[in-house]
1. Quote the charge dipole size of the range 194-257 about the Cα centre in Debye, to the nearest 20; the model charges only the Cβ of Lys and Arg (+1) and of Asp and Glu (-1).
2. Extension gain SER75-ALA157, at 0.36 nm per residue separation less the Cα-Cα distance, in nm?
3. Under 14 Å from the Cβ of VAL100, count the other residues' Cβ atoms, weight Lys and Arg +1, Asp and Glu -1, and hand me the total.
4. Which links in LYS126/LYS216; LYS109/LYS155; LYS155/LYS244; LYS149/LYS241; LYS99/LYS243; LYS86/LYS149 stretch past 26 Å when you go from one Cα to the other?
5. Between rounded, prolate and oblate, where does the range 180-252 land on the alpha carbon gyration tensor, with a ≥ b ≥ c its root eigenvalues, rounded for a/c under 1.5, else prolate if a/b exceeds b/c?
6. Pull out a ≥ b ≥ c, the square roots of the eigenvalues of the alpha-carbon gyration tensor of the range 67-182, then state rounded if a/c is under 1.5, prolate if not and a/b is larger than b/c, and oblate in the remaining case.
7. Normalising by the residue count of the range 99-251, find the relative contact order in percent from Cα pairs under 8 Å and 6+ residues apart.
8. Can you check what the net charge comes to around TYR136, using other residues whose Cβ is under 13 Å from the Cβ of TYR136 (Lys, Arg +1; Asp, Glu -1)?
Amino acid sequence: MRDQQEFKPTPKNWKLVLGIPMLLAALVFPAAASWAVTTGTSPAEVSSGDVPRSTSEVERTTTDVPRIPLYDIDSAKSLQVVVNKKRPLNPVEYFPRGKVQIGYSWLAKPAADAYVLLKAAVSKAKLGTLCINSGYRSFGSQTLIHDAKVALLGKTAGEKLAARPGYSEHQTGLAMDISTTQLGCRIGAFGASRASVWIAANAWQYGFVVRYPNGKTPITGYVWEPWHLRFVGLELAADMKAKKIATLEEYFALPAAPKY
Ligand SMILES: [Zn+2]
C-alpha cells in the first residue's frame, strides 16, 4: 500500500504504465503486436482487414494459386521446348545465343557440353567415334533445305524429310543428327549400327532423347530417326526413361502432331 501511495507519474513511470499492457498484448496477439512494433501503432489500431490471416487460411489460399509448371515447353529458348508440326518455335525466327562449334556444326552450349560427354562414352564403349552430321540450322538455312526437298520430291514427300522453317528442332540448337566417322558420318546407315543401339538405351544419361522413335510417327510426325538426338536436360530425360515415355508429346500430354 505504501508503494502505491508513493507512486508518482513521472515520465519514466508512464513508460512503465504503457509498457505492461503492450507486453501483455504481445503475448496474446504476437502477430498483431509485431505488426504494431514495426509500424509504431498499438494493437488496438490494427483494423480487422489488416490482421494477418490464420495459417489454415493462408494454406487454403495457396492451393488456389496456379502451380508454376516444372518446365517451360513454349519458349524457343527453353531447354525443354516442344517443337513439332503443330508447335512452331516462339519466336518463329529464334536463334540461340552462345553457340559452340563442334566440327563443322554448331550447338547451343548445354547441348554441346552434353554431346562431348556422350561422344566420350561411346568411344569408351568401343562403339565408334561419334560425329555430328547436322546441328544448329537457322531459319534461313532451314528454308533452303525445305524448299530444295519440296522442289525435288513434291510437297508431301519433301516435307517428310525436311521441316518447314520455324518448325525444326534444329533451329533451337538443341538437336543434332549424329553418326560415326566409321560410317562416314552418314545418318542413313546409323540405325543399323551398335552405336545406335547403345545411344537408344543410354543417351538419357547425358540428357538426350531419341526424339523420333520407331513406331511413334503418328505422334511426332516423323519417321524413325535413330540419328536425331534432342537435348532436354538430365532431369527430364531421366524422368522420361523412368516413366517409359518415349516422346515429349506424350510426356507433356500434348496433342499428336502428325501434320502441319
Ligand atoms: Zn535431325
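1. With only Lys, Arg, Asp and Glu charged at Cβ, the dipole is about 180 debye.
2. This chain segment gains 26.6 nm when fully extended.
3. +3
4. LYS126/LYS216; LYS109/LYS155; LYS155/LYS244; LYS149/LYS241; LYS99/LYS243
5. Numbers: a/c = 2.34, a/b = 1.42, b/c = 1.65.
Oblate.
6. Oblate.
7. After rounding, I find 21 percent.
8. Value of the local net charge: +3.
Values in this text are rule-based calculations from the coordinates and carry no lab data. Model, not experiment: these values are computed from the prediction. So basically every Cβ, Gly included, is an ideal-geometry build from the backbone, and we count neighbours across all protein chains shown.
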